[in-house]
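Some notes on the structure that comes next.
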Amino acid sequence: LWIVLCTIACGNPSAGGGHRNADPAGQVIADCAEALGGGDLLENLKTFRTTTSWDGGDPVVTEVQRPNRFRTVGRATLVFDGERAARLLGPDEGGAEGGVELLDAEVWKDFEIDLAFNFPAFFDFPAEYLGLDSLDGVPVHKLLVTLPLGTTITYLLDADTHLPLVAKTEVTIDGTAYRPQRIYHEFREIEGILFPSRFEQGWTPETTQVGVLESAEVNVGFPEDHFQ
(Lines give C-alpha, C1' and ligand atoms only; values in the text may rest on other atoms or scores of the structure.)
Protein backbone atom coordinates (compact mmCIF):
# COMPACT_ATOMS: atom_id res chain seq x y z
CA LEU A 1 0.00 0.00 0.00
CA TRP A 2 2.83 2.41 0.85
CA ILE A 3 4.39 2.07 -2.59
CA VAL A 4 1.07 2.63 -4.33
CA LEU A 5 0.25 5.71 -2.22
CA CYS A 6 3.73 7.06 -2.83
CA THR A 7 3.33 6.64 -6.58
CA ILE A 8 0.00 8.48 -6.52
CA ALA A 9 1.26 11.27 -4.26
CA CYS A 10 4.45 11.83 -6.23
CA GLY A 11 2.80 11.96 -9.67
CA ASN A 12 4.38 10.69 -12.86
CA PRO A 13 8.00 9.46 -12.56
CA SER A 14 10.54 11.80 -14.10
CA ALA A 15 13.82 10.80 -15.71
CA GLY A 16 17.31 11.92 -14.83
CA GLY A 17 17.62 14.60 -12.16
CA GLY A 18 14.06 15.89 -12.45
CA HIS A 19 12.97 14.91 -8.94
CA ARG A 20 11.51 18.19 -7.69
CA ASN A 21 8.85 16.70 -5.42
CA ALA A 22 8.73 17.76 -1.79
CA ASP A 23 9.46 14.10 -0.96
CA PRO A 24 12.49 13.28 -3.15
CA ALA A 25 13.11 9.92 -1.46
CA GLY A 26 9.51 8.91 -2.14
CA GLN A 27 9.81 9.92 -5.78
CA VAL A 28 13.02 7.94 -6.29
CA ILE A 29 11.47 4.89 -4.62
CA ALA A 30 8.33 5.17 -6.74
CA ASP A 31 10.44 5.42 -9.91
CA CYS A 32 12.45 2.35 -8.86
CA ALA A 33 9.26 0.40 -8.16
CA GLU A 34 8.01 1.14 -11.67
CA ALA A 35 11.35 0.15 -13.19
CA LEU A 36 11.38 -3.18 -11.35
CA GLY A 37 7.90 -4.16 -12.49
CA GLY A 38 5.39 -1.71 -11.06
CA GLY A 39 4.15 -0.64 -7.64
CA ASP A 40 1.27 -3.12 -7.59
CA LEU A 41 3.48 -6.15 -8.29
CA LEU A 42 6.06 -5.14 -5.69
CA GLU A 43 3.40 -4.36 -3.12
CA ASN A 44 2.03 -7.89 -3.55
CA LEU A 45 5.47 -9.51 -3.38
CA LYS A 46 5.47 -11.02 0.11
CA THR A 47 7.98 -13.87 -0.22
CA PHE A 48 10.50 -15.14 -2.75
CA ARG A 49 13.13 -17.82 -3.24
CA THR A 50 16.25 -17.52 -5.39
CA THR A 51 18.93 -20.03 -6.36
CA THR A 52 22.33 -18.49 -7.07
CA SER A 53 25.72 -19.88 -7.99
CA TRP A 54 28.80 -18.01 -6.75
CA ASP A 55 31.89 -18.12 -8.96
CA GLY A 56 30.44 -21.25 -10.58
CA GLY A 57 30.28 -23.16 -7.29
CA ASP A 58 27.44 -25.13 -5.73
CA PRO A 59 24.15 -23.22 -5.74
CA VAL A 60 22.93 -21.35 -2.68
CA VAL A 61 19.20 -21.08 -2.00
CA THR A 62 17.97 -17.84 -0.43
CA GLU A 63 14.44 -17.47 0.93
CA VAL A 64 12.93 -14.19 2.07
CA GLN A 65 9.73 -13.18 3.79
CA ARG A 66 9.35 -9.42 3.83
CA PRO A 67 10.20 -7.29 5.60
CA ASN A 68 13.03 -9.00 7.48
CA ARG A 69 12.93 -12.79 7.61
CA PHE A 70 15.65 -14.72 5.86
CA ARG A 71 16.78 -18.30 5.34
CA THR A 72 19.70 -19.57 3.28
CA VAL A 73 20.66 -23.12 2.39
CA GLY A 74 24.14 -23.94 1.12
CA ARG A 75 26.87 -25.64 3.07
CA ALA A 76 24.75 -24.86 6.14
CA THR A 77 21.15 -23.86 6.79
CA LEU A 78 20.95 -20.44 8.44
CA VAL A 79 17.79 -18.69 9.61
CA PHE A 80 17.11 -15.10 10.68
CA ASP A 81 13.72 -14.34 12.28
CA GLY A 82 14.06 -10.56 12.16
CA GLU A 83 15.79 -10.37 15.53
CA ARG A 84 18.09 -13.36 16.00
CA ALA A 85 19.97 -15.76 13.75
CA ALA A 86 20.67 -19.47 14.12
CA ARG A 87 22.17 -22.45 12.34
CA LEU A 88 19.84 -25.41 11.89
CA LEU A 89 21.69 -28.63 12.55
CA GLY A 90 21.05 -31.68 10.39
CA PRO A 91 20.33 -35.22 11.62
CA ASP A 92 23.12 -36.87 13.60
CA GLU A 93 24.80 -40.15 12.64
CA GLY A 94 21.99 -42.07 14.29
CA GLY A 95 19.36 -40.24 12.26
CA ALA A 96 18.02 -38.24 15.19
CA GLU A 97 16.63 -34.81 14.34
CA GLY A 98 19.16 -32.01 14.63
CA GLY A 99 18.86 -29.04 16.91
CA VAL A 100 19.35 -25.30 16.66
CA GLU A 101 22.58 -23.44 17.31
CA LEU A 102 21.96 -19.76 18.13
CA LEU A 103 24.62 -17.59 16.53
CA ASP A 104 26.48 -14.83 18.38
CA ALA A 105 24.61 -11.55 18.59
CA GLU A 106 27.43 -9.69 16.83
CA VAL A 107 26.60 -11.44 13.53
CA TRP A 108 22.83 -10.91 13.57
CA LYS A 109 23.22 -7.61 11.69
CA ASP A 110 25.00 -9.52 8.91
CA PHE A 111 21.70 -11.19 8.02
CA GLU A 112 19.99 -7.80 7.74
CA ILE A 113 22.74 -6.78 5.33
CA ASP A 114 22.16 -9.89 3.21
CA LEU A 115 18.45 -9.14 3.17
CA ALA A 116 19.09 -5.56 2.05
CA PHE A 117 21.41 -6.79 -0.70
CA ASN A 118 18.80 -9.29 -1.92
CA PHE A 119 15.85 -6.90 -1.91
CA PRO A 120 15.89 -3.09 -1.67
CA ALA A 121 15.26 -2.20 1.97
CA PHE A 122 13.80 1.17 1.01
CA PHE A 123 10.59 -0.63 0.01
CA ASP A 124 10.10 -1.75 3.61
CA PHE A 125 11.87 0.81 5.82
CA PRO A 126 12.13 4.63 5.82
CA ALA A 127 14.74 6.10 3.48
CA GLU A 128 16.57 9.42 3.43
CA TYR A 129 17.45 11.07 0.13
CA LEU A 130 21.14 12.05 0.04
CA GLY A 131 21.05 13.81 -3.31
CA LEU A 132 22.33 13.33 -6.82
CA ASP A 133 25.84 11.92 -7.31
CA SER A 134 27.90 10.21 -10.01
CA LEU A 135 29.14 6.63 -10.34
CA ASP A 136 31.71 6.07 -13.10
CA GLY A 137 30.19 8.98 -14.97
CA VAL A 138 26.59 7.78 -14.50
CA PRO A 139 24.25 10.13 -12.58
CA VAL A 140 22.86 8.31 -9.53
CA HIS A 141 20.40 9.02 -6.75
CA LYS A 142 21.59 8.13 -3.24
CA LEU A 143 19.24 6.70 -0.61
CA LEU A 144 20.16 5.89 2.99
CA VAL A 145 18.16 3.28 4.91
CA THR A 146 18.55 2.46 8.60
CA LEU A 147 17.64 -1.16 9.32
CA PRO A 148 15.89 -2.27 12.55
CA LEU A 149 19.11 -3.58 14.17
CA GLY A 150 20.90 -0.31 13.43
CA THR A 151 22.89 -0.99 10.25
CA THR A 152 22.70 1.69 7.55
CA ILE A 153 22.62 0.77 3.86
CA THR A 154 23.38 3.23 1.06
CA TYR A 155 21.81 2.58 -2.33
CA LEU A 156 22.93 4.12 -5.61
CA LEU A 157 20.21 4.11 -8.28
CA ASP A 158 20.68 4.99 -11.92
CA ALA A 159 19.02 8.40 -12.38
CA ASP A 160 17.81 7.45 -15.87
CA THR A 161 16.77 3.79 -15.62
CA HIS A 162 15.90 4.05 -11.88
CA LEU A 163 17.43 0.57 -11.32
CA PRO A 164 19.72 -0.12 -8.33
CA LEU A 165 23.41 -0.12 -9.24
CA VAL A 166 25.07 -0.56 -5.83
CA ALA A 167 24.08 -1.37 -2.24
CA LYS A 168 26.80 -0.82 0.36
CA THR A 169 27.40 -0.48 4.08
CA GLU A 170 30.16 -0.32 6.69
CA VAL A 171 30.59 -2.65 9.65
CA THR A 172 33.29 -3.16 12.29
CA ILE A 173 34.10 -6.65 13.56
CA ASP A 174 36.73 -7.24 16.24
CA GLY A 175 38.08 -3.76 15.61
CA THR A 176 38.43 -4.20 11.84
CA ALA A 177 36.34 -2.03 9.50
CA TYR A 178 34.72 -3.70 6.49
CA ARG A 179 32.76 -2.22 3.59
CA PRO A 180 30.47 -4.94 2.22
CA GLN A 181 28.74 -4.11 -1.04
CA ARG A 182 26.77 -5.65 -3.85
CA ILE A 183 27.14 -4.32 -7.40
CA TYR A 184 24.24 -5.11 -9.74
CA HIS A 185 25.18 -5.74 -13.38
CA GLU A 186 22.11 -7.31 -14.98
CA PHE A 187 18.45 -7.97 -14.20
CA ARG A 188 16.09 -10.73 -15.25
CA GLU A 189 12.29 -10.73 -15.30
CA ILE A 190 10.55 -13.30 -13.11
CA GLU A 191 6.72 -13.19 -13.25
CA GLY A 192 6.84 -9.51 -14.17
CA ILE A 193 9.39 -8.47 -11.54
CA LEU A 194 13.04 -7.73 -12.28
CA PHE A 195 15.51 -9.64 -10.11
CA PRO A 196 19.28 -9.06 -10.15
CA SER A 197 20.67 -11.80 -12.38
CA ARG A 198 24.41 -11.07 -12.25
CA PHE A 199 26.15 -9.22 -9.47
CA GLU A 200 29.33 -8.95 -7.42
CA GLN A 201 29.50 -9.09 -3.65
CA GLY A 202 32.26 -9.08 -1.08
CA TRP A 203 33.30 -7.73 2.30
CA THR A 204 36.70 -6.78 0.89
CA PRO A 205 38.00 -6.47 -2.69
CA GLU A 206 39.90 -9.74 -2.13
CA THR A 207 36.75 -11.67 -1.15
CA THR A 208 34.51 -10.40 -3.96
CA GLN A 209 32.61 -13.12 -5.82
CA VAL A 210 30.34 -13.07 -8.85
CA GLY A 211 26.80 -14.35 -8.33
CA VAL A 212 24.60 -15.61 -11.15
CA LEU A 213 20.87 -16.11 -10.67
CA GLU A 214 19.83 -19.62 -11.72
CA SER A 215 16.15 -19.44 -10.80
CA ALA A 216 13.62 -17.48 -8.77
CA GLU A 217 10.09 -18.03 -7.43
CA VAL A 218 7.76 -15.37 -6.08
CA ASN A 219 5.15 -15.55 -3.33
CA VAL A 220 6.25 -18.96 -2.14
CA GLY A 221 3.98 -20.51 0.50
CA PHE A 222 6.50 -21.15 3.27
CA PRO A 223 5.50 -23.14 6.38
CA GLU A 224 4.56 -21.01 9.39
CA ASP A 225 7.73 -21.93 11.30
CA HIS A 226 10.07 -21.71 8.29
CA PHE A 227 11.91 -18.64 9.62
CA GLN A 228 11.78 -19.44 13.34
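Residues that are free of Cβ contacts under 8 Å to residues at least 24 places away in the same chain and either over 22 Å from Glu217 (Cα atoms) or out of contact with any Lys or Arg (no Cβ under 9 Å at 6 or more places or on another chain) (or both) within the range 184-205 comprise Gly202, Pro205, listed in sequence order. For Ala167, the conditions (1) in contact with a strand residue (DSSP E or B) (Cβ under 9 Å, 6 or more places away or on another chain); (2) modelled with pLDDT under 95 are fulfilled apart from (2).
One residue stands out among those in the range 67-82 that are part of a loop (DSSP other than H, G, I, E, B) and modelled with pLDDT under 95: the one that is surrounded by the most Cβ atoms within 10 Å (Cβ to Cβ), which is Gly74. Only one of the listed residues (Leu130, Leu149) is closer than 15 Å to Gly26 by Cα, out of contact with any Gly (no Cβ under 8 Å at 6 or more places or on another chain) and either assigned to a loop (DSSP other than H, G, I, E, B) or touching a residue at least 12 places away in the same chain (Cβ under 8 Å) (or both). That residue is Leu130.
Restricting Thr208, Thr161, Thr172, Thr176 to those that are open to solvent by 40 Å² or more (accessible area, probe 1.4 Å), polar (S, T, N, Q) and in contact (Cβ under 8 Å) with a residue 40 or more places away in the chain reduces the list to Thr161.
The values are calculated or read from the model by the stated rules, or taken from the named source; none is laboratory data. It should be emphasised that the depicted structure is a prediction, and the values quoted were computed from it without experimental measurement. Heads up, the Cβs are rebuilt from the backbone with ideal geometry, glycines too, and the neighbour counts pull from every protein chain shown. These accessible areas exclude ligands, DNA and RNA; they are computed on the full protein's heavy atoms, side chains included. Shrake-Rupley method; radii C 1.70, N 1.55, O 1.52, S 1.80 Å.
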